[in-house]
Structures are given as structure tokens and as C-alpha cells.
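Novice: Below you'll find the structure I mean.
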Amino acid sequence: MNIAELAIKRPIFVVMIVMSILVLGALGYSSMGVDMLPDVEYPTLSVVTVYEGASAEEIENLVTKPIEDALAVVEGMESLSSGSSENMSRVTARFSLGTDIKYAETKVRDAVNKAKWELPDDADEPSVVRFSSAEWIPVLMMKVKGKKDLAALKEIIDEEIKPDIEKVKGVGKIDLWGGRDKAVNVTVNKSALAARMVSFADVMEAIGKENLNYPAGNIEKPGRITAVRVKGRFESISDIENVPIKTFSGETIRLKDVAKVDFGLKKETARSRVDGENAIIFGVYKQSGENTVAISKAVKKKINSLQKKLPQGVTISVFRDPTLHIEESIKGLQEDIGLGALCAIIIVWLFLGSFRSTMITAVALPNSLLGAFFFINASGFTINMMVLLALSLSIGLLIDDSIVVRENIFRYLEKGFSPKEAAVKGTNEVALAVIATTASILAVFIPISFLEGIVGQFFKQFGLTITFALAISLVDAFTTAPMLSAYWWKKEDPDKKKNIFDKMHQKFNVYYDSFKEVYEDVLEWCLDHKKTVIVSVTGLIGASIGAAMFIGMSFLPNSDYREIEMTMEMQPGATIDVMDKKLLQIERYLQTVKDIETYYTVAGYGENNIGRIYCAIHKKARATTIVSDEVMNHIQNNFGPGILLTKQDSGAGTVVSGGGDTDPITINITGENTKVLEKIAMDIKKAALETPGASGPNTSSRPGMPEISIMIDRVKAAKLGFSTYETGMLLNILINGKEVSRYRKGDKEYGIILQMAQEDKTDLNSLKDIMLTNAKGDKIPLSAVARFESGSGPVEIKREDKKRIIKVTAGIAEGFALGDVVRDLNERIKKEVHIPEGYEYSFGGQATQMTDTVVQMGKAMLLALLFMYMILASLYNSLTQPLILMLSVPLAIIGSFLALLITGQQLDIMAMIGFLMVLGLVAKNGILLIDFTNKMREEGMSARAALLHAGPIRLRPILMTTFAMIFGMLPLALGFGESALRTQSMPIAVIGGLITSTFLTLVVIPVVYEWAEGRKG
């Protein structure tokens, strides 16, 4: 007893299986998280070390190089890069995908611990940080504003808002921009210190010694112990002002005699506005692997409850919500799935003309779609674009098997067999063909699931989702379809009055019968003119390959998140005030751009001379690329020179890059001499400016930061009792300011910041008079042991694989393809740019990822073809017939290339996956045709007779399955559903391949089959 007979004899058993699949699928769906893209863990670790007061070059030599040397020997590392800037070193190690990140982190920590002894004593402890895409794109951006000063608002956020939001499940971190922190500022007067013969070190020591509570022990009495504590912590600003300081002459003075003490604000590090109003901005980021949409909803719910508790006049509101794009994209794909399913069902009805037959076939859709979610959830996936894209593209596939089975059963019913006999005979007759078609398709999607690299990680969910759904549809075709065909069938009454649907079906049948007659004549003619057919098809294949030369190549499809995010840089050394003044001018312009819905700016985005500009675009505005180019060009042309604008990728590019380069074009120039690297970079930038399609070329090299170098005369300083370390540490405290103690006010604590008056550190001469004190108490001016030079130093020194590196980056202009621009630019560099010995350049960013992806796709296609051949050879017990069936592949390439060319799509990662899909889909038609032909041959027919008999009979299921797949994908290809990520190139490539392969397969496969059988004979 086979599975179809079992299903017919045990219908309740089949119904229960279907019900269990649906219930398990519903449970899986309801418990899944929602996200834009699959959550991928990148094996990337960064070692971050803070060394306050050190220049970029000092950071490179004292911190970065020792850590690089330590990490270079860690097993499994693919690349090592670093950035050395003022005060901070970041060394990033990227490991091969598949590396256990916890194991790698342990190895990196061990290596860093061994290198610690080489680092400066006063450098902070190095911290090891994992890269997570969750830390790059915020879940929500919010603003807090009100009728209070920024310091009061900052306290409200720190005490009432931030702690509650951090408790929300899944929240990873919160970043703040703007606001001010309160502090006690002790601003020393250099002249007063000199007059009283007091040093800065004396002041710092006095504050530290006086501000403490000290346990003095216990007094014991019979039966009682009393603790004794010396209370000396500052309880008021007056206590700080009256701290005693002993002068060199032995006199005792008060702190207020040489310094101004006030309860005020810390140095401002960032200034932010939203829509022109002062506000504090904070971004909420999720933990890796958490549900983005669920976190967003939970945080917004928490905000609503917090608003009721905030002081009157203080408001908190969301002004940027990336999850809206996620929900919109997911909803769009869900609509595409529903519309595609409806289109596929209509196609089935047109061919079968029976409501019951259509429903029997259509049952496979809910079973497969919903049932797949059980396995998707069990695999740890989320509901994301890759999963829904897979289901949307597989709509036609999921009813293919049921179509073939039901159509064959329907044919036996028309012959007069009873429903049960027709169900058994019809199912058994096509069983091998159905298994072969599904297995050949799975042979393609399984390799997709195991593509290597970052792209492979994303498409793993795509391939496995289709595999899960197809497996369920195959079971459904052998159980539900024959069972329903056996029991839920009603013979049509020929005398029944025809309704409008019956008339539509009759009309369709007239056209179909005419087409079948034409096909019979064409097939016979082709079998008589084999050479003409082969030569013509070969010419078509050659022409399509030639047409492919006119299709542009790119890596990622275009995305439209309806937002513009820009980083603005001014000359190194620019203050926050200078940056903010420029941003105010830009904001006045942004208010006039009708396409912009809301915007925010931040002055001091990490560095004083860096600003951030974000604009959200109206839904009904012009295309984001047009608005973006217009805004950036206007700002650069009207508010420059002296500013540099860089567009930031806030979409899929950031995630797929894995923390690496996100620009479409990145050129890495490596060598040892920074000046030579800068010259090469400028020459390549010039070449990029002259290359059509390369937009906004820029280099990572920046003008040097203005600096004053203080060279200590070690011999003279040693004689006077000073060291370079002590002098440098003291200057760092005075110029930057340092928290030397804490002041408690009520239940809050504030830092006590010791600093030099602003007027005493404005120029070189003001530093020369700073008084130093040695161990003997001698007071010596700094100028007595040091010489001073003005100059500039690098803002940041980047290195890759232990070599200095400068990057040249560029975008791709609208209408140009990444592959074409990279090729033209590379040729121009080779002709026009001189690269000295010891220096080299290479392409990175999306250009490299595109090349790697093409290689991976080539491997996947070869594997898919190999698996397909082995499966078909096993099923048909033949080494030659699988080769005949696989001739459909080049026939599909014709349509795929032409479809992309006609629609103006580029050959991107989505289109490449589409090509891979086509490999499995197109063999299906040949299998249906040849399988039936073989059965006719077994009954004694000649090859010619069998082909002429099988072709017209198998025409209907071939057209049904093909059009069901095409119309199932059509909503996605036409872009009916709104989505931030454009994926049309994938269904367009598949539809084009299906159209040409289907119609050519109907004649080419029979021609080659008869030729091969004739040679055997």
C-alpha cells in the first residue's frame, strides 16, 4: 500500500495530520519575533583602550601597535585593522564566519592581558567589545524638551527616564546627545597661585585629603560597642571654598583665595536640536537577537506611562521610529503573498474550470505556508524580509505538486474512472515526476542555505524557508490532494444552466484548445527540423549572453528608508560653538525643503568638529535619492568651504557589511609614509571625480589637528626634581580638567572638577608661566625645563594588517552600475596614478563583497547542477536523460537576462539568487514531459509517437504550474507591496527564465530526446 492509497483509506488520519500542521504552524508564527533582516552574529571583536591626553601618533606607538602584535597570532583571524585617534585606540579583529565568538573572545582577552605590561601605566584598562548590528541602528530615537534648562532635563532623563527604559526586556543600551551635567568647578587662578607660591598639585592634594569620612575604630564598653568615624566630607560649597592649603612659606590659606568654586556645569560635549528646538536626543538600541518590533512597542508603552510622571512642561516623544519601515515592509510582503496566492488560484481555476478541483489544489497553500512557520520558528528565525520573500516567491511552487497530481486525477475522471480509482491511478502515475521535480528544486535551495560569507548568513533563512514549505507541499500532494479528490468530487451536470464563470472557462478552453493545436503542429515541425531548432536556440543563447553585457552589476539592491543621514566635518580644532553656528544656518535651509518631514542636528557628534544631520522624508515626497542629492549639494555649495559632508548608510548596507566598509566604492591604500599615502589618495580621488558614475569621492585623510608640543629637557628637569610623566599628567589635569573628588548634595553626587581658568590657557605664552613644584617644595616655571613648538598632528591614524592605510570612498550616481564604475575607475587609476614601490591599493566595500558573492554564487550554481543531475540520474536510472532535462537551464538564461535588460534592473545579489532559483524550477517542465514519454515508450510506442502523444497531454499541467508560479510572483515583481528594500530583480529574473524555458522546453527537449534516442538505436 502506497501513501496515496493509505490517505484514501484513512481520510480522518490525513485530516488530523493537516490540522496538526496548521496548529503547530500557528503556534510557531504567534511566538516569532519581527525584524527587517535576519539576526546575524558577526565574528568581529574590537579592543578599545582610552589613554587620556595622548595624541594620535602617541596612541599608535604606545597602545595600538602592542595590541596589534598581541592579536596577530590569535587563531582563526581573517583581518586586523585599527584606528588611533586622540585619547583612544580601537583595534578590530575579524574572524572567519563560523568561528565560535565566545572562544574567539577568550583568546583575544588572553592576548590583550599578555600585552598589558607594554601599555602606559596611566592608560585605562583595554575593553573587548563584540560587533553587533543591533548597536548600529537604533530601535527608536526620542527627544526630551521642556521649560527647564538642559542640565535639569539631563537630570530628569538620568534619574526618571533612562533607568525605566533600560529595564524594558531586550533593551541593550541608550545613547544620549545634548544636555549638560552639573558639577562643582574649581577654577584656579594662575596669578594668585604664583603670588602665594602654591602649585596646582598642592590644590589637588588638599581637596582629596579633606573630602572624606574616615573610620577611626570602635570604643568598647561593657555590653556595648560604639563606632568612631571622622566626618570630613564636604556638605556645602562653603566647605570646599574653605579647604586649607599650606603655602611654601608655611602660611595657611583657603582654596577660595586662589580659586573660584561654583556649583555649575561640566564642559559641554554635544548640542542638539530637533526641528529647530533645543532638545536632548537619546537613542534606544536592542540587544543582539531580540525582537526589534516588540522592543519598540514596549518602549513606546513605557514612554506613555513615564510622560504622566514627568514634571509639568517636560515632554518626551518619539521622532524617529525605524520599526515603522520594518512593519511596512513586512506588511507589503504579506500583501504580496496574499495577492500572489489569489493569482495562482485563479490560474488553476481557469485551467480546471471546477471550483472543487481548484480548492483541492489550493489547500496546499495554507498547509505549506502556515506549516512552514513551525520549522522556521524551531530553527530560531524571525519573521523578516528574507523569510517572507522566500514564501512570496514560492507561492506557485507550493501548489505545483498538487496541480500535477490533481490534473492527472482530473484526466482519469474525464476517462470515466471512479473518484477513488482516479485518485490512486492519477497519483501513482505522476508520483515519480512529482518527486523528481521537488527533489530537483530542493537541490537548488539547499546550496543557497549554505552559501559562505555574510551574504550566505542572510540567505540561509531564505533557502531553508523554501525547503520547509516545499517539503510540506510534497506531503500534501500525496495525501490531501488524492484524499479530497476521492471523497470531495461531484460530477458536473451537463444540463445545468451556465453562469458567468462557466462561460469564462468555456471561452478560456477555446483559446487553450487552439493553442494546443498550434503546439502539436509546431512540435511535429521541430522534430522534423532538428538542426534548425538547435542552431536557432544556440543563437538565442549567444544573443542573451551578449545582452548581459549591457546589464549593470551591483551588490545590494536599492533601498529607500525615506531618510537622509549625514555626517558633517569642519576643520580639526573647530569648537562646538563654531559647529553649532554652521548647523543653525543649515537648519534654516532645511525648514524650507518641503520634502522634509522632520530633522535633527547634533553639534559635537563624538568630536567637537563633527556634526550629525538627520532628515526624515515625507511619504508622498520625491524619491529619497533625488532629495538627498539636492540637499547635500545645496549644503556643500552654499555653506562651505570648510565643511565636508558624508552620507551615512542606515539600511541594509550597514548590517551586511558586518561593521566593515559600507560605501559602494572603497579603495584601500596601504604603506608606511603618511605623506606618500595622502598624495596617492588625492590622485585617486581626482581620478574618481573624473570617472562617470562615481559620486562624492572622499578620502579618510584629514588636515592635522592644531597642537602645541612641549619638549621637556630631561637633564635639566631631573636636576630640579621633575619628570616628564609628572609634568605631562599635571598639564593634562589643568588643560582638560579632571575630576579630583565627589560632592554629595542630598541623595545625589556630583564631580569636583579641577581646572585652569579659560583665560590662562588660551595661547602658548599662558602655558609657559605654569608653576611646577618639586619634592623639596621649590616652585619652578614650566618654561625653565621645557621648550614649546606650535604645529599640527594627525586626527586619526588608520592601519590594516599592521600597515598604515588611507581610504578613498565614493557612492554610485543614479542610473550607474557598481561593476561598471569600478571597472572604469580601476582602469583610470592604472593609467593616471603613480603607485611607488612598497605601496599598493585594493578595492573594498561593496565592490569586494560583490566579487566574493559572484564567486560564491558560481560555486552554488555548480553544486546545484551537480545535485540535480545526481538526483535525476538516481530517479530515472539513466546517465543521459538527466543531461537532456538539464538543457532547460540555458533556455532559462535567455529569459532571465532579457527580463532584467528590458525592465532596467541590475544584476545584484537578489537577481543572482533568482538565477539560482531558476535552475531548479525550469527542469520541472522537462521532467513532466519526459516522464510521461518514457511511460508511453514502455507501452511500446516509438520515440516520435510517444513525444507527439505526451506533449499535448502534458501541455496543460506544464502551463498551469508555470503560470501559477509566474502570477504568484507577479505582485512582488511589480512592487505592489511597500518595502524599504527593493527586491524586484529576483522575481523578474525568475519570471523571465520561466517564460523562455517553458516555451522552448516544449520543443527543444523533445528534439534532443528523439536525437539521443535515435543515436542509441
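The values are calculated or read from the model by the stated rules, or taken from the named source; none is laboratory data. Predicted, not measured: the structure shown is a model, and the values here were computed from it. A quick note on method: Cβ atoms are made from the backbone with ideal geometry, for glycine too, and the neighbour counts reach across all protein chains shown. Keep in mind that these areas ignore ligands, DNA and RNA; they rest on the heavy atoms of the full protein, side chains included. Shrake-Rupley method; radii C 1.70, N 1.55, O 1.52, S 1.80 Å.
Novice: Suppose we filter GLU241, GLU235 for residues that are farther than 30 Å from ARG320 by Cα, over 51 Å from the mean Cα position of the chain (by Cα), of a type in the set (D, E, K, R) and surrounded by 15 or more Cβ atoms within 10 Å (Cβ to Cβ); which single one remains? Quick ask: steps written out before the conclusion?
Specialist: Working: GLU235 fails: surrounded by 15 or more Cβ atoms within 10 Å (Cβ to Cβ).
After applying the criteria, what remains is GLU241.
Novice: Are there any pairs with C-beta distances below 8 angstrom linking a residue in the stretch 39-68 that is of a type in the set (Phe, Trp, Tyr) to a residue that is open to solvent by less than 10 Å² (accessible area, probe 1.4 Å) and in a loop (DSSP other than H, G, I, E, B), with the two at least 6 apart or on different chains, and if so which?
Specialist: Qualifying pairs under 8 Å: TYR42/GLY658.
Novice: For the stretch 78-87, indicate whether the set of residues that are open to solvent by 40 Å² or more (accessible area, probe 1.4 Å) and at pLDDT 85 or above is non-empty.
Specialist: No: the stretch 78-87 contains no residue that is open to solvent by 40 Å² or more (accessible area, probe 1.4 Å) and at pLDDT 85 or above.
Novice: With GLU118, GLU105 as the choices, which residue is within 30 Å of LYS162 (Cα to Cα) and either touching a strand residue (DSSP E or B) at 6+ places or on another chain (Cβ under 9 Å) or of a type outside the set (Phe, Trp, Tyr) (or both)?
Specialist: On the way: GLU118 fails: within 30 Å of LYS162 (Cα to Cα).
None of the other options fit; the residue is GLU105.
Novice: Would you mind finding the one in VAL387, VAL363, VAL424, VAL405 that is more than 28 Å from SER985 (Cα to Cα) and crowded, with 24+ Cβ neighbours inside 10 Å?
Specialist: On the way: VAL387 fails: more than 28 Å from SER985 (Cα to Cα); VAL363 fails: crowded, with 24+ Cβ neighbours inside 10 Å; VAL424 fails: crowded, with 24+ Cβ neighbours inside 10 Å.
Exactly one residue qualifies, and that residue is VAL405.
Novice: Can I ask one more? Quick one: is ARG944 at pLDDT 85 or above and under 24 Å from THR427 (Cα atoms)? Spell out how you get there, then give the answer.
Specialist: Working: at pLDDT 85 or above: yes; under 24 Å from THR427 (Cα atoms): no.
Spelling it out, it is not the case that ARG944 is at pLDDT 85 or above and under 24 Å from THR427 (Cα atoms).
Novice: Of all the residues that make up the stretch 687-726, how many are touching a residue at least 60 places away in the same chain (Cβ under 8 Å), in a helix (DSSP H, G or I) and buried (at least 16 other Cβ atoms within 10 Å of the Cβ)?
Specialist: Of the residues in that region, 3 qualify.
Novice: Considering only residues of the stretch 988-1017 that are at pLDDT below 85 and surrounded by fewer than 19 Cβ atoms within 10 Å (Cβ to Cβ), which is nearest to the chain's Cα centre (by Cα)? Working first, answer last.
Specialist: So the first thing to find is which residues in the stretch 988-1017 are at pLDDT below 85, and the list is 1012-1017.
Filter once more, keeping what is surrounded by fewer than 19 Cβ atoms within 10 Å (Cβ to Cβ): 1012, 1014-1017.
On the way: ALA1012: 50, GLY1014: 55, ARG1015: 55, LYS1016: 55, GLY1017: 58 Å.
Out of the qualifying residues, it is ALA1012.
Novice: Please state which of the following conditions LYS143 fails to meet, knowing it meets all the rest: (1) touching a helix residue (DSSP H, G or I) at 6+ places or on another chain (Cβ under 9 Å); (2) within 30 Å of ARG180 (Cβ to Cβ); (3) open to solvent by less than 70 Å² (accessible area, probe 1.4 Å).
Specialist: Every condition holds for LYS143 apart from (1).
Novice: Assess whether ARG196 counts as being more than 55 Å from the chain's Cα centre (by Cα), more than 22 Å from ARG744 (Cβ to Cβ), of a type in the set (D, E, K, R) and buried (at least 17 other Cβ atoms within 10 Å of the Cβ).
Specialist: The answer is yes for ARG196.
Novice: To continue, here is another question. Can you tell me which condition SER792 does not meet? The list is (1) within 30 Å of THR92 (Cβ to Cβ); (2) modelled with pLDDT under 75; (3) surrounded by 14 or more Cβ atoms within 10 Å (Cβ to Cβ), and all the others hold.
Specialist: Checking SER792 against (1) within 30 Å of THR92 (Cβ to Cβ); (2) modelled with pLDDT under 75; (3) surrounded by 14 or more Cβ atoms within 10 Å (Cβ to Cβ), the one that fails is (3).
Novice: Taking the stretch 732-761, which residues are assigned to a strand (DSSP E or B) and closer than 15 Å to VAL203 by Cβ?
Specialist: From the stretch 732-761, those assigned to a strand (DSSP E or B) are 738-745, 748-756; that's our starting set.
Residues satisfying the conditions are LYS738, GLU739, VAL740, SER741, ILE752, ILE753, LEU754, GLN755, MET756.
Novice: Something else now. Could you list, in sequence order, all residues of the stretch 885-920 that are in a helix (DSSP H, G or I) and open to solvent by 10 Å² or more (accessible area, probe 1.4 Å)?
Specialist: VAL889, PRO890, ILE893, PHE897, LEU898, ALA899, LEU901, ILE902, THR903, MET912, PHE915, LEU919
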